[in-house]
Amino acid sequence: MGSHFSSHLRSRAALLTLSLGTLLPQAVFSEPASKASSYAPVVITEDFNTTVSRMSAAKPGIMKRQADLLAERYDLANRPAPGITMTKGKPVQDGVRVKLPAGTTWEQLAGMSSDEIKARNLFPKGFLPLPHPNHPEGGMLFPRFHIDEIKRQEGDRDLTRFDLDFDLADHFLPEFPAPIFLTTRPDLGDVSKGELVTLNNFFKLFNGVLNPKQLEGMRLLLTPFPQQQFNVTDDRRSVKPSRGVACLDCHANGHTNASTHLAGDVRPQEFRHRIDTPSLRGVNIQRLFGSQRALKSVEDFTEFEQRAAYFDGDPIIATKKGVNVLERGSQVHFMGELQALLDFPPAPKLGIDGKLDPAKATPAELRGQALFFGKANCASCHAPPYYTDNSMHNLKTERFFAPRLVNGRLANMDGPIKTFPLRGIKDSPPYLHDGRLLTLDDTVEFFNLVLGTKLTPLEKRDLVSFLRQL
Ligand code: HEC
Ligand code: HEC
């Protein structure tokens, strides 16, 4: 379906004579030159084999364009931070990876007003919205390690797309398979036993640990159902007809494997946000779901995922491709109940108030905590013990840059976004709703500029030390 949107995009782009990286005054976007349709065509006129050859041939060029964008924005080296890992031992990446505009320093930028940064085009490119690897096309994309493990366990279920691959290197992604902690059985520690939970092993792993209702919820979260790119019609992006995707193909082991997608809520295509899969750990203490949708319960979000998000918010296409309508009382509630058992990972240095135990923390971590609650002003939105205010905030990053088209994504205003919790945050890179920041060090530079807090280099390092303990 993305290809239908991309034709809208091409015609709009032609009318506006936009090219990559072009800067445009705000006003250009308040009156679109032509009004794109919200609907995707239902009948596909191109023969499937022709689509496969055409899109596979275009793939290397598209992947190179994305790789070039990432290399232009970020230092992509594999540079683990000494002495700190994710919960099961994967290295945490160290240092600021967003590149500075030539001839500037972070301290100089922090000393300028947003107007000046905008006028001189000095906002670091890595702080701009990150496009999907092929933004005009969009759709679900899974990292290779997940695709391989599903093939190993489930035989013929292949989540490979013939038109696109996932774009970020493994060292910037969460550990896989991630450990699972249950709110009901903290005594058991990691209940995944180091395996990716699938339909093949969930019963062996969870029989005797979960009740039958929760086991059924888990089974449904692991069962593939049709989706926009993975279905049995010719309007798909897998070579063979596909049984579909499972909830835990993205929220792998109830956490995240950083699979990406485009938010279904927005039209036209270039305004849609790339969205990085959030962890389901700790959904039990949250009150708003989705970066912008603000659905009020895990049950609502579960229903919404399969009926709307799987099909880009287009119920007409959903019917054609075989939408799975979940029954609220006996399916959605079961799935919701299971999700609400997924706990944050242990944080051995935190007390019951979510703050550092001074007997266990280092002086740098304690200084970082004082900054978090003081000069750096983080706690005004990220409140302990889970480090969220369960609300949304508009960070207004558009103060710092002129709107521009970046590989099919119109970088402009993001609008209000959910305050994601920071408990367990070192386990879930990349950061922000679209994954535009690769390390926690990047998030500290980002907020230092956005909030105008003027932290010193030592203060920024201390703040990172604190975030790594949450
Ligand atoms: C593409 C992989 C993908 C699949 C498959 C998927 N999700 Fe998600 N999920 C996401 C993304 C991305 C978001 C963030 C959406 C947004 O910001 O609008 C999300 C958000 C959520 C949230 C809200 C989390 C929060 O912190 O606000 C819940 C709950 C959820 N998904 C449950 C499910 C369930 C249940 C299923 C299966 C029916 C499912 N997901 C299938 C990627 C996926
Ligand atoms: C005005 C409210 C506000 C303040 C103050 C604030 N944040 Fe946030 N934070 C947010 C919002 C909203 C998001 C989600 C933004 C997005 O995804 O685009 C976020 C996201 C994050 C993330 C990424 C979470 C994830 O799951 O990807 C980190 C890390 C973070 N903040 C750290 C900090 C630090 C450190 C500070 C202080 C220097 C801070 N924040 C101050 C509102 C705030």
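Nothing in this text is a laboratory measurement; each read-out follows from the coordinates by a stated rule. The structure displayed is predicted, hence computed values, not measured ones. With ideal geometry, Cβ positions are generated from the backbone for all residues, glycine too; neighbour counts draw on all protein chains shown.
Restricting segment 402-447 to residues that are of a type in the set (Ser, Thr, Tyr) and out of contact with any helix residue (DSSP H, G or I) (no Cβ under 7 Å at 6 or more places or on another chain) leaves a set whose member that is farthest from ligand 1 (Cβ to nearest atom) is Thr439. Report yes if Phe401 is within 9 Å of ligand 2 (Cβ to nearest atom) and either out of contact with any Ser or Thr (no Cβ under 7 Å at 6 or more places or on another chain) or among the hydrophobic types (A, V, I, L, M, F, W, C) (or both), otherwise no. The answer is no for Phe401. Counting only helices (runs of 4 or more DSSP H) that fall entirely inside segment 261-358 and contain at least 2 residues that are closer than 27 Å to Leu182 by Cβ and either of a type outside the set (A, V, I, L, M, F, W, C) or more than 9 Å from ligand 1 (Cβ to nearest atom) (or both), the qualifying elements are 298-307, 333-339. Taken over segment 111-138, the criterion of being under 16 Å from Asn412 (Cα atoms) and in a helix (DSSP H, G or I) is satisfied by Ser114, Asp115, Ile117, Lys118, Ala119, Lys125, Gly126, Phe127. Across segment 245-274, which residue is farthest from ligand 2 (Cβ to nearest atom) among those that are under 23 Å from Leu215 (Cα atoms) and among the small types (Gly, Ala, Ser)? Top of the filtered list is Ala246.
Kindly establish whether Thr277 is under 18 Å from the mean Cα position of the chain (by Cα), under 22 Å from Thr388 (Cβ atoms), within 16 Å of ligand 2 (Cβ to nearest atom) and without any contact (Cβ under 8 Å) to a residue 40 or more places away in the chain. Explain how you work it out, then say what you get.
On the way: under 18 Å from the mean Cα position of the chain (by Cα): yes; under 22 Å from Thr388 (Cβ atoms): yes; within 16 Å of ligand 2 (Cβ to nearest atom): yes; without any contact (Cβ under 8 Å) to a residue 40 or more places away in the chain: yes.
In short, yes.
Of the residues that sit in segment 196-225 and are of a type in the set (Phe, Trp, Tyr) and more than 20 Å from Lys151 (Cβ to Cβ), which one is nearest to ligand 1 (Cβ to nearest atom)? Step by step, filter segment 196-225, then rank; the result is Phe206.
Every residue, every condition in (1) farther than 27 Å from Gln229 by Cβ; (2) free of Cβ contacts under 8 Å to residues at least 24 places away in the same chain; (3) of a type in the set (A, V, I, L, M), yes or no:
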position	(1), (2), (3)
Gln306	no, no, no
Pro345	yes, no, no
Asp357	yes, yes, no
Thr362	yes, no, no
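Annotation note: Cβ proximity below 7 Å between a residue of segment 433-444 that is of a type in the set (Asp, Glu) and a residue that is part of a helix (DSSP H, G or I) and more than 16 Å from ligand 1 (Cβ to nearest atom) (sequence gap 6+ or interchain) occurs for Asp441/Val464. For segment 423-442, does any single residue satisfy the condition of being more than 10 Å from ligand 2 (Cβ to nearest atom), within 22 Å of the chain's Cα centre (by Cα) and hydrophobic (A, V, I, L, M, F, W, C)? So far as segment 423-442 goes, yes, one or more of its residues are more than 10 Å from ligand 2 (Cβ to nearest atom), within 22 Å of the chain's Cα centre (by Cα) and hydrophobic (A, V, I, L, M, F, W, C).
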